[in-house]
Amino acid sequence: MTASTPDRMDRMTSVEMRATVSLALVFALRMFGMFSILPVLALYARDLPGGGTPFLIGVALGIDGLAQALLQIPFGLLSDRYGRKRMIYIGLTLFALGSFIAAGAHDIYFIILGRLVQGTGAVAAAIIALTADLTREEHRAKGMAVIGMSIGATFGASMVLGPMLEHWIGVPGIFALTGVLALAAMAVVRWVVPTPQVSRVHADAETIPGQIGMVLVNTELQRLNFGIFSLHAAMRGLFVVVPLALAASLPVDRHWQVYLPIMLVSFVGAVPAIILAEKYGRMKAVFCSAVALLCLATLLMAVFIGQFAGLVAALSLFFLAFNLLEATLPSLVSKIAPAASKGTALGVYNSFQFFGLFLGGALGGFLAQHVGNAAVFVFSTGLVFAWLLLALSMQAPPAVRTRLLQVGVRDAAGAQRLSAALSGLKGVVEAVVIAGEGVAYLKVRSDAWDEIGANNLINKG
């Protein structure tokens with residue numbers, strides 16, 4: 001058996017660094033196009049044939065989520081069979097095609113078609129799987145963290161740059177730029193991202209079909225799945241009506257002046273709370289407080305939808321809660337999911353997220369059209385309040401983190417023996433060795449665990 005030395009564990013290789021940074025760039029290039037259209041699409045679409053219908057605007061905003069919800073897991077599974085890069089090329093090609101369809105659209109229906117095709121390029125799972133192929137177990141969490149940070153930074157930048165781009169090149173130009181960025185992402189995959197020597201299934205990063213049923217019936221994970229669904233439904237519904245409400249008091253090319261301070265404050269404000277949750281073991285308290293803040297923010301938006309200052313204040317609270325929850329929810333999934341089912345739990349979680357995007361857009365548009373703009377936020381408040389009740393009644397998550405160790409075990413009996421031995425070590429909450437992967441998945445207490453003992457057990461074999 002083999003175990004990593006301290007030097008190997010402390011530093012990424014140049015290939016791992018290159019893989020991590022380049023794949024984070026691929027994510028950013030793709031997500032910038034998806035995000036930058038959000039603050040301006042409703043304003044543009046209302047002047048298109050058919051765009052005077054808020055419901056169709058909402059469908060245009062949310063339809064990409066439906067396609068991603070249905071296809072992101074299949075794309076990941078197909079990448080196991082046909083190759084990571086091949087499936088990423090296919091997905092980015094579809095994404096670029098949808099962008100160019102939307103860029104040339106002359107009515108709301110072709111916008112919807114273009115957004116739907118964009119969503120079929122659901123490459124997230126394949127990119128995560130490629131990241132796992134290109135990073136060793138002890139560094140994989142770092143790679144995933146860099147990708148997560150790139151998505152968060154891209155979201156914030158997109159909210160600010162979207163209105164600027166609308167002024168400079170128009171919404172068709174943003175869609176065209178999105179297509180060009182997708183092609184640039186393909187070039188990065190081709191010439192910058194390393195090609196793995198071997199691709200295999202990674203239980204910590206990929207969805208395992210046989211584990212989906214077990215994950216779906218886990219009541220603690222159900223709470224988190226409902227949470228991410230509610231969070232993104234509220235966020236996508238917001239963009240059905242808020243850009244129009246802001247435009248009543250501020251020209252669209254100046255909307256960045258609203259989004260810039262909101263994004264800066266929300267990112268900076270979330271950091272102390274994340275540290276309190278992770279470092280000092282106050283995860284449930286911080287998490288429930290963020291959900292309560294989100295509930296308050298959506299309620300205030302319903303009250304102040306027609307008042308500029310009140311709406312901006314409510315938006316500030318919303319995105320502070322949003323960014324905090326975006327950071328803590330995946331961490332909670334990792335803490336709660338069984339050690340060998342983390343990838344499946346995250347895959348199911350992401351599917352609920354995408355379904356939330358679709359429902360938030362479509363139902364938000366329906367409510368805005370038939371009831372009124374405030375109804376969008378009343379619905380969001382009800383959804384988030386139900387989530388708050390679930391969050392308050394959840395078990396406090398264990399103060400654990402996941403560690404992956406490479407092992408040389410290749411038979412089921414040896415894997416079972418090593419699992420039992422590792423489980424008996426101080427600070428190890430759960431240990432599962434998967435012989436086919438040659439990996440030990442451990443959940444260990446954040447304060448202290450017997451890492452030396454674990455390496456000794458692995459080396460003894």
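Ile274 to Arg190: FRET efficiency via 1/(1 + (r/R0)^6), r the Cβ-Cβ distance, R0 45 Å, to the nearest 0.05?
That pair, Ile274 with Arg190, gives E of 0.80.
Hey, what did the chain get for relative contact order, percent, Cα under 8 Å, at least 6 apart?
Computed over the chain, the figure is 23 percent.
Using +1 at the C-beta of Lys and Arg and -1 at the C-beta of Asp and Glu, which of Ala375, Gly408, Leu324 has the Cα lying farthest in the positive direction of the dipole of the stretch 315-461?
Gly408
Taking all pairs of different Cα atoms in the stretch 41-151, averaging 1/r and flipping that mean, what Kirkwood radius in angstroms comes out?
Computed over Cα pairs of the stretch 41-151, the Kirkwood hydrodynamic radius comes out at 15.2 Å.
How much mean residue ellipticity at 222 nm does the chain get from its helices, if each DSSP H run of length 4 or more adds -39500 (n - 2.57) and you divide by all residues, to the nearest 500 deg cm²/dmol?
My calculation for the chain gives -25500 deg cm²/dmol from helical runs alone.
Report relative contact order for the stretch 389-461 in percent, whole number only (criteria: Cα-Cα under 8 Å, sequence separation at least 6).
Relative contact order of the stretch 389-461: 34 percent.
For the stretch 1-149, which whole percent of the accessible surface, found with a 1.4 angstrom probe, sits on carbon and sulfur atoms?
Carbon plus sulfur share of accessible area: 70 percent.
Would you mind computing the Rg to Rh ratio of the stretch 364-431 from its alpha-carbon coordinates, Kirkwood style for Rh?
Ratio of gyration radius to Kirkwood radius: 1.41.
Taking a cut-off of 17 Å, what percent of all Cα-Cα pairs in the stretch 95-221 are separated by more than that?
That fraction is 71 percent.
Once all Cα-Cα distances of the stretch 370-409 are split into 10 Å bins that start at 0, what whole-number percent is in each one?
Whole-percent P(r) values from 0 Å outward: 21, 23, 20, 17, 12, 6, 1.
Once you've got the Cα coordinates, tell me which of Lys284/Lys335; Lys279/Lys443; Lys279/Lys342; Lys142/Lys426; Lys279/Lys426 are over 23 Å apart.
The answer is Lys142/Lys426.
If you place +1 on the Cβ of every Lys and Arg, -1 on the Cβ of every Asp and Glu, and leave all else neutral, what size is the dipole of the stretch 102-152 about its Cα centre, to the nearest 20 Debye?
80
Based on Cβ point charges of +1 for Lys and Arg and -1 for Asp and Glu, what charge dipole magnitude is obtained for the chain about its Cα centre, in debye rounded to the nearest 20?
Charge dipole, the chain, about its Cα centre: 640 debye, nearest 20.
Can you order the peptides 384-396, 178-190, 65-77 by their average number of other Cβ atoms within 10 Å per residue, highest first?
My ranking of the peptides, most packed first, is 65-77, 178-190, 384-396.
From the square roots a ≥ b ≥ c of the eigenvalues of the alpha-carbon gyration tensor of the stretch 141-189, which class results: rounded (a/c under 1.5), prolate (a/b over b/c), or oblate?
oblate
Among Gly343, Leu390, Ala421, pick out the residue whose Cα is farthest towards the positive end of the charge dipole of the stretch 329-461, where Lys and Arg carry +1 and Asp and Glu carry -1 on C-beta, about the Cα centre.
Most positive-ward Cα: Ala421.
In the chain, if the dipole is taken from +1 on Lys/Arg beta carbons and -1 on Asp/Glu beta carbons about the Cα centre, which of Val312, Leu113, Tyr89 is farthest to the positive end?
Of the listed residues, the answer is Tyr89.
Quick one: Kirkwood hydrodynamic radius for the stretch 308-409, alpha-carbon pairs, angstrom, one decimal?
Computed over the stretch 308-409, the radius equals 16.5 Å.
So if I place +1 on the C-beta of Lys and Arg and -1 on the C-beta of Asp and Glu, and nothing else carries charge, what would the dipole magnitude of the stretch 72-186 be about its Cα centre? I want it in debye, nearest 20.
Using Cβ point charges on Lys, Arg, Asp and Glu, the stretch 72-186 gives about 300 debye.
Any idea what the relative contact order of the stretch 270-346 is, in percent, if you count C-alpha pairs under 8 Å spaced at least 6 apart?
Rounded, it is 29 percent for the stretch 270-346.
The values are calculated or read from the model by the stated rules, or taken from the named source; none is laboratory data. Computed from a prediction, not measured in an experiment: that's the story for all the values here. Neighbour counts are summed over all protein chains in view; Cβ atoms, including those assigned to glycine, are modelled from backbone coordinates with ideal geometry. The protein model used for the area step is the full one, side chains on, heavy atoms only, and it has no ligands, DNA or RNA in it. Shrake-Rupley method; radii C 1.70, N 1.55, O 1.52, S 1.80 Å.
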